[in-house]
Each structure stands twice: as structure tokens, then as C-alpha cells.
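The values are calculated or read from the model by the stated rules, or taken from the named source; none is laboratory data. In this text the structure is predicted, and so the values were computed from the model without any measurement. Please note: Cβ atoms are built from the backbone with ideal geometry, for glycine as well, and neighbour counts cover all protein chains shown.
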Amino acid sequence: MPISKIKGNAIEDDSITSARLDDGTIVAVDLASDAVTTVKIAADAVTTAKIAADAVDGTKIADDSIDSEHIVDGAVDLVHLSATGTKDATTFLRGDNSFQVVAVTPTAVSDQANTSTGSFSFPSGTEAQRPGSPTEGMTRYNSDTDKLEVYADGAWQRIESQPTYNADYLVVAGGGSAGTSGGGGGAGGMREGTLTLQKGTTYTVTIGGGGSGVNTWGGDGNAGGDSVFGSITSIGGGKGAHGGNGGIGGSGGGAGYNGGGGAGTSGQGNQGGNGQTVQGFSTTSSYPGAGGGGKGAAGASTTNASSNGANGGAGQANAITGAVYAGGGGGGTRSGTPGTGGAGGGGNGSGSSTGGHGVVNSGGGGGGSGGANNGSYSGNGGSGTVIIKVPDANYATSTLTGSPSTSQSGGFTTLTWTQSGSYTA
């Protein structure tokens with residue numbers, strides 16, 4: 001009679017071993033629930049070779065029963081993951097258990113607010129390690145030059161702040177010309193001071209010409225031209241008048257008979273002198289002219305009781321060169337004593353012929369012509385100048401146009417332009 005059941009207490013301990021059981025003799029249905037526990041299984045007795053494929057699934061594994069220390073390194077790879085999407089080197093496993101390509105775009109970086117108070121590290125390398133095929137806008141740290149650089153306009157360019165330095169300057173405009181038998185020309189405006197220059201920046205230099213004299217009887221003179229250095233502009237001198245008011249300018253032109261002197265520009269010059277208050281012909285037959293204004297003083301006025309021309313206003317000495325610039329032109333007369341030009345290049349007036357010219361590159365006003373209607377010219381205004389003084393070290397790295405003359409003393413270079421050009425700091 002077959003034996004259907006054997007009670008456990010009828011079998012001695014260790015009397016039945018795996019070697020005494022045929023394969024497949026004991027299956028799961030022959031085991032009571034919880035009959036086999038981990039304490040009854042020898043260490044390493046159960047291996048993957050003894051577990052049928054798909055025999056163990058998620059429903060048969062207790063929660064938290066498998067942690068990282070029970071998983072052999074490298075045992076879980078892409079083949080064993082069931083997430084959706086393409087699994088390769090270009091994708092990442094997201095929280096929704098899907099593989100997705102994660103693209104870092106300019107929009108994802110540059111259009112997002114960055115509230116960090118720390119820093120941002122740029123790629124760093126030598127010049128030899130620059131990208132082989134750079135594109136516009138690439139930025140990196142050049143470890144050879146210790147500077148940031150950006151690829152722009154087809155070339156690698158340094159990103160660096162431009163240092164500055166100071167330059168003393170003198171900017172004198174062209175003087176005005178005088179009237180015929182009339183007022184002297186006003187001096188060109190004169191400005192001086194210190195300007196901060198930025199390295200690499202180009203500063204324009206413009207030299208104002210002196211006003212041209214006239215030989216038409218009864219004619220007024222012409223204003224001088226403006227001079228410029230970068231942001232500094234000096235106004236050309238005002239015209240001298242035959243009759244009536246002198247012209248406005250850096251310094252004002254001297255009046256003719258029955259006129260007022262032209263106004264000067266604040267900080268650049270002074271007013272021209274006033275003329276007689278009655279027509280000169282009816283009193284002295286002289287038509288004397290007033291003096292043109294200068295940087296240092298206003299032009300002198302004529303008087304009703306005199307046939308003499310008036311003197312031009314004095315100019316002013318400059319600290320860079322020590323020379324005097326921007327003197328007003330003297331007034332002319334048909335008879336009597338003509339006025340003298342102001343110190344600083346002002347032309348003398350004449351009592352019989354052509355007036356004296358303002359000195360070239362001084363900004364001096366021209367002198368009034370003299371005599372009767374004899375075709376003589378009134379004096380031309382003197383042309384202007386631009387002078388700057390910079391440290392020798394900065395001059396050495398500058399670029400110049402306009403052929404300025406240079407002189408050096410005490411660690412500084414003085415540059416004098418007599419024609420237009422430029423200075424690149």
C-alpha cells in the first residue's frame with residue numbers, strides 16, 4: 001500500500017538531503033504555506049540556476065526586501081529596465097519612467113533668471129586649445145593671456161575694461177577778421193583744462209581757420225572757424241564791423257560806428273568794444289573801429305570825441321606752453337591813430353591801408369583796415385590750434401594723424417596740431 005503522508009516527527013534530522021531527491025519530486029503544491037522559511041535554507045543554496053525563468057516577479061517580493069546592498073554592481077543595466085522610450089547614450093531616465101533626450105538650448109540658459117550671488121565658470125584653455133571651428137558669440141577664458149575672449153566678427157577678441165588716463169588740453173579757435181576801416185576781429189574761443197581719455201578711443205582734432213579779410217569798402221569781416229578736440233569745442237572769433245554791431249563768437253568782434261560790440265562765449269572769451277554813438281563822418285570823418293575781444297579782456301571802445309581806433313583785448317597765457325593766445329584785433333580808422341592788437345596774436349589796426357593779420361595758430365583777431373575807399377584789405381583772423389599734454393607711456397602707444405609736432409619733458413609729451421587730424425589714445 002503506497003505511503004501518502006509522512007509526518008515530520010517521523011523523519012530524523014538531516015536524514016533527507018537534496019542528493020536523495022529526484023529533480024521535480026517536490027514542487028510548490030507539495031509544500032504547505034510558510035513551510036519553507038529563510039532559516040531552513042542554507043546560505044547560497046538557492047541560485048539563479050535553480051529558479052525558473054519568470055518564477056519570481058514583483059508580486060512575490062515583499063516591499064523593501066531588496067535594497068542596494070543585495071544588488072551586485074552592474075547587475076541592473078539598460079536591458080533589465082522596462083522604461084519607455086529609446087534607451088541609448090543620448091537619453092536620460094526621467095521621473096515618469098521614460099527615456100528622453102535632454103537638450104540644453106540657449107533659450108533654456110540665457111532666458112532664465114539667475115539669482116545666484118556666486119560665480120559662473122567659463123571654459124578655460126590656451127590659445128592652442130581654442131575650438132577648431134568657432135562660431136560667433138563663443139566665449140572662453142584664455143589662460144595664455146589671462147583674459148576672457150569672445151569670437152566676434154570672425155576673430156577671437158579680448159574682453160577687457162579700457163583703462164583711462166588724463167590729458168591736459170588747449171583748444172583755440174580761429175580768430176575773426178576785421179571790418180574795412182572798422183572794428184577789429186574777435187579772438188577765437190580759448191578753452192583749457194584736463195580731459196579723461198579712454199585707451200583705444202579716437203579723438204577728433206579740428207583746427208579752425210581764421211576769418212578772411214575783405215576789401216570791399218563798407219564791408220564787415222568774417223567769423224573764424226571752430227576748433228575741436230574730442231568733446232571740447234572752441235567757438236570761432238566774431239567778425240569786426242565797418243558800421244553797426246560786431247559779430248558774436250568765442251570773443252566778440254569790435255563794432256564800427258554807431259554799433260555795439262559782439263558778445264563773447266562764456267568761458268572762452270570776452271565782448272568786443274562798442275563804436276561811436278554817432279556817425280563818425282559827421283564829427284571826425286574817421287569812422288574809427290572798436291577793438292575785438294580777447295580771451296583775457298574785452299576789446300576797447302571808441303569815443304565820440306576821438307578819431308582813433310581802439311585796442312584789441314588781451315589774450316591769455318596757457319599753462320602747457322607758457323605762450324599767450326587769443327588776442328583781439330585792433331580797430332582801424334580813416335584818419336587818426338589805429339588801435340593795436342591784443343597780446344596773443346591780435347592784428348594791429350591800420351590808419352591808411354591793409355589791417356594787420358592775426359598771428360597764425362594763435363587764434364588772434366584781424367586788425368581793421370584804414371584810409372579812405374582805397375581797396376585795402378582788412379586783416380585776416382589767425383588760425384587756431386589744439387595742444388595736449390599726455391604721459392610719455394601713453395603717448396608711446398597712441399596713434400596720430402594730422403602730423404602734430406611733439407616735445408617731451410618731465411615724463412610728459414606735448415603734441416601741437418596746426419592742421420586737422422586725430423589722436424587715438
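Matching residues to (1) loosely packed, with under 10 Cβ neighbours inside 10 Å; (2) small (Gly, Ala, Ser); (3) modelled with pLDDT under 75:
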site: Asp44; (1), (2), (3): yes, no, yes
site: Asp73; (1), (2), (3): yes, no, yes
site: Ser98; (1), (2), (3): no, yes, no
site: Lys147; (1), (2), (3): no, no, no
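Residues of the range 259-285 being polar (S, T, N, Q) and either modelled with pLDDT of 95 or more or touching a Phe, Trp or Tyr at 6+ places or on another chain (Cβ under 9 Å) (or both), which ones? Before the answer, list the steps.
Filtering the range 259-285 for residues polar (S, T, N, Q) gives 265-266, 268, 270-271, 274, 276-277, 279, 282-285.
Hits for the range 259-285 are Thr265, Ser266, Gln268, Asn270, Gln271, Asn274, Gln276, Thr277, Gln279.
Among (1) surrounded by fewer than 23 Cβ atoms within 10 Å (Cβ to Cβ); (2) at pLDDT below 95, there is one condition Ser212 misses while meeting the rest; what is its number?
(2)
When you look at Gly336, is it surrounded by fewer than 24 Cβ atoms within 10 Å (Cβ to Cβ), in contact (Cβ under 8 Å) with a residue 40 or more places away in the chain and in a loop (DSSP other than H, G, I, E, B), yes or no?
On the way: surrounded by fewer than 24 Cβ atoms within 10 Å (Cβ to Cβ): yes; in contact (Cβ under 8 Å) with a residue 40 or more places away in the chain: yes; in a loop (DSSP other than H, G, I, E, B): yes.
Yes: the conditions hold for Gly336.
So how many residues does the range 362-388 have that are farther than 17 Å from Gly249 by Cα and part of a strand (DSSP E or B)?
Adding up the residues that qualify gives 3.
Filter the range 166-204 down to residues that are within 20 Å of the chain's Cα centre (by Cα) and either of a type in the set (Gly, Ala, Ser) or over 21 Å from Asn318 (Cα atoms) (or both), then give me how many there are.
Count: 8.
Check Ala323 against each of (1) at pLDDT below 95; (2) surrounded by fewer than 20 Cβ atoms within 10 Å (Cβ to Cβ) and name the one condition it does not meet.
(1)
Sort out which residues of the range 319-333 are in a loop (DSSP other than H, G, I, E, B) and touching a strand residue (DSSP E or B) at 6+ places or on another chain (Cβ under 6 Å), and write them in order of number.
Ile320, Ala326, listed by residue number.
Among the residues of the range 149-176, count how many are charged (D, E, K, R) and buried (at least 16 other Cβ atoms within 10 Å of the Cβ).
So the answer is 2.
Out of the range 222-248, which residues are hydroxyl-bearing (Ser, Thr, Tyr) and without any contact (Cβ under 8 Å) to a residue 60 or more places away in the chain?
Hit for the range 222-248 is Ser231, nothing else.
If you go through the range 123-143 one residue at a time, how many are touching a helix residue (DSSP H, G or I) at 6+ places or on another chain (Cβ under 8 Å) and of a type in the set (Gly, Ala, Ser)? Walk me through it before giving the result.
The initial filter retains those residues of the range 123-143 that are touching a helix residue (DSSP H, G or I) at 6+ places or on another chain (Cβ under 8 Å), namely 142.
Add one more test, that the residue is of a type in the set (Gly, Ala, Ser), and what stays is none.
Residues meeting the conditions: 0.
Of the conditions (1) more than 16 Å from Gly355 (Cβ to Cβ); (2) touching a Lys or Arg at 6+ places or on another chain (Cβ under 9 Å), Ser266 satisfies every one except a single condition; which number is it?
Unmet condition: (2).
Can you confirm whether Gly225 is in the same structural domain as Gly189 (by TED's automatic domain parsing) and either within 17 Å of Thr337 (Cβ to Cβ) or under 36 Å from the mean Cα position of the chain (by Cα) (or both)? Explain how you work it out, then say what you get.
Working: in the same structural domain as Gly189 (by TED's automatic domain parsing): yes; either within 17 Å of Thr337 (Cβ to Cβ) or under 36 Å from the mean Cα position of the chain (by Cα) (or both): yes.
Answer is yes for this residue.
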